[in-house]
Amino acid sequence: MKVTISVIKADIGSLVGHSVVHPKIIEIAKKEIANANKKKKIIEDFFVINCGDDLELIMTHRNGIDNKNVHGLAWNVFIKCAEEAKKMKLYGAGQDIISTAFSGNVRGLGPGIAEMEFEERGSDPIIIFMADKTEAGAWNLPLYKIFADPFNTAGLVIDPKVSKGFIFDVLDTKEGRKITLKTPEESYELLSLIGAPSRYVVKSVRRKEDNEIAAVSSTEKLSKMAGHYVGKDDPVLIVRAQSGFPAVGEVLEPFANPFLVSGWMRGSHHGPLMPVSFSHAKCTRFDGPPRVIAAGFQVANGKLLGPVDLFDDPGFDYARNKANKIANYMRMHGPFEPHRLPLEDLEYTTYPEIEKKLKDRWKKI
Ligand code: F6R
Ligand code: MG
Ligand code: MG
């Protein structure tokens, strides 16, 4: 019997600006899921956590992806939490509840979603990455390294079960289209697209040999859904590991180097993605730098064993130090690119007003 992992997340308000989810909201979410499931059994197991100001519902069930009952459950939890957040006057209460018209699926309503369904293996490790103050394209670089870069993943070279390659499903968020590319044979074409993460986003990765799902990311673009700025996507990613997939350590390895992502202050700056423990998922300096946490679980008979806080490890101290150095260096540029995003990617902008104000003062050259 197949198991489905659903990670559904939303920023429904936070404590001290956009820093963290209030512990009371996490308790409400846990209670609401448990109560709803008592009335009608929808899910097998769940875990609630926050990454910065994002509330993350990690659920296992037998209903497949895009299931009305599972999405409905998550939606009701967010509505209840947002109500309480409003009462508490938490900052940005209800921020990601863009539409209130739930009709069976939370896609397009505000929350971010990553879901995958698979036949449970003899032993099935998964890693759920959750990021704050960045966008969905932030997973492009690590996904490429995990599944297509032999300098990252030794298994691509020395494990016959991994070396046949992978298939990447890529979305073009500008044109609203998608494409499938295979590695290693189409690596250059793939890189040419996903190297532009503000436009092209890896949605999922499958194993070439048997089409088995290996990774799924959330790709909701909040700013596009709302038509105006409502916050970066702050994406999540589910990756399967071991026996025929990259090992846990190979999946974590790309985060040992804090690569630059867009997001950070006002969703409008480039900065390093810092891998942190659960307790350090709290964006403070200049509302950042952007953070990522990794929760490791064993999926066992539909239940979640764990989590293990995988970045809570001195092995990632160097990455954190380096991220702080990069943050200093990037901050030095103040309002200049490449720290500030190019004009067309800014989430907040006074640019049209400035253009209007100065329009009669330009002289032809
Ligand atoms: C970035 C983010 C924050 C806010 C910033 C301004 O994703 O959430 O950096 O953009 O704190 O917030 P407002 O406009 O709510 O004052
Ligand atoms: Mg927020
Ligand atoms: Mg956030």
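Computed from the coordinates by the stated procedures, all read-outs in this text should not be read as laboratory data. Treat the numbers as computed from the prediction; the structure is a model and nothing was measured. Counting neighbours? That spans all protein chains shown, and the Cβs are built from the backbone with ideal geometry, glycine included.
For the residues Asp309, Asp124, what sequence is obtained by ranking on other C-beta atoms within 10 Å, fewest first?
Asp309, Asp124
How large is the Rg to Rh ratio of the chain when both quantities use alpha carbon positions and Rh follows Kirkwood?
Reported Rg/Rh, Kirkwood definition of Rh: 0.97.
Do any chymotrypsin sites (Phe, Trp or Tyr not before Pro) in the stretch 129-206 lie in a DSSP loop with no more than 10 other beta carbon atoms within 10 Å, and if so, which?
Filter output for the stretch 129-206: Phe151.
Return the sequence-ordered ³J(HN,Hα) values of the stretch 339-350 in whole Hz as given by the Karplus equation 6.51 cos²θ - 1.76 cosθ + 1.60 applied to θ = phi - 60°, using x for Gly and Pro.
5, 6, 5, x, 3, 6, 9, 5, 8, 10, 7, 9
Given labels modelled 7 Å from the Cα in the Cβ direction, how far is it in nm from Tyr348 to Gln298?
So the two model labels end up 4.7 nm from each other.
Which pairs in the list Lys39/Lys87; Lys203/Lys359; Lys24/Lys221 are over 32 Å apart, alpha-carbon to alpha-carbon?
Correct reply: Lys203/Lys359.
Normalised by the residues of the stretch 241-365, what does the relative contact order come to in percent, with Cα pairs under 8 Å and at least six apart?
24
Can you sort Ser204, Ser262, Ser192 so the residue with the fewest Cβ neighbours within 10 Å comes first?
Exposure proxy ranking, most exposed first: Ser192, Ser204, Ser262.
Under the rule of at least 5 residues apart or a separate chain, name every residue whose amide H is placed under 5 Å from the amide H of Arg340.
Placed amide hydrogens put His270 under 5 Å from Arg340.
From Cα pairs below 8 angstrom and at least 6 apart in sequence, can you work out the relative contact order of the chain, rounded to a whole percent?
18
Which whole-Hz couplings ³J(HN,Hα) result when phi for each residue of the stretch 42-57 is put into the Karplus expression 6.51 cos²θ - 1.76 cosθ + 1.60, θ = phi - 60°, listed in order with x for Gly and Pro?
Values, residue by residue: 10, 10, 8, 7, 7, 9, 10, 8, 10, 10, x, 8, 9, 8, 10, 9 Hz.
Show which aspartates and glutamates lie in cross-link reach of Lys364 when reach means a straight Cα distance below 18 angstrom and same-chain residues fewer than eight apart are skipped.
Qualifying aspartates and glutamates at Cα under 18 Å: Glu355.
Taking the Cβ of Val162 as the center, what net charge do the other residues with Cβ under 10 Å away carry, scoring Lys and Arg +1 and Asp and Glu -1?
0
So which trypsin sites (Lys or Arg not before Pro) in the stretch 1-81 end up in coil per DSSP with only 11 or fewer other C-beta atoms within 10 Å?
Of the trypsin sites (Lys or Arg not before Pro), the ones in loops of the stretch 1-81 whose Cβ has at most 11 other Cβ atoms within 10 Å are Lys40, Lys41.
Report the local net charge at Lys39: Lys and Arg +1, Asp and Glu -1, summed over other residues whose C-beta lies under 15 Å from its C-beta.
Here the count lands on +4.
Using only helices, what value at 222 nm comes out for the chain when you add -39,500 (n - 2.57) per DSSP H run of length 4 or more and divide by the total residues, to the nearest 500 deg cm²/dmol?
Computed ellipticity for the chain at 222 nm equals -7500 deg cm²/dmol.
Among residues other than Gly92 whose Cβ falls under 10 Å from its Cβ, what is the net charge (Lys/Arg +1, Asp/Glu -1)?
Computed value for this residue: -3.
Output the DSSP H helices from the chain with an along-axis C-alpha extent of no less than 18 Å and a mean Kyte-Doolittle hydropathy no less than -1.0.
TM-like helix candidates: 23-39, 68-87.
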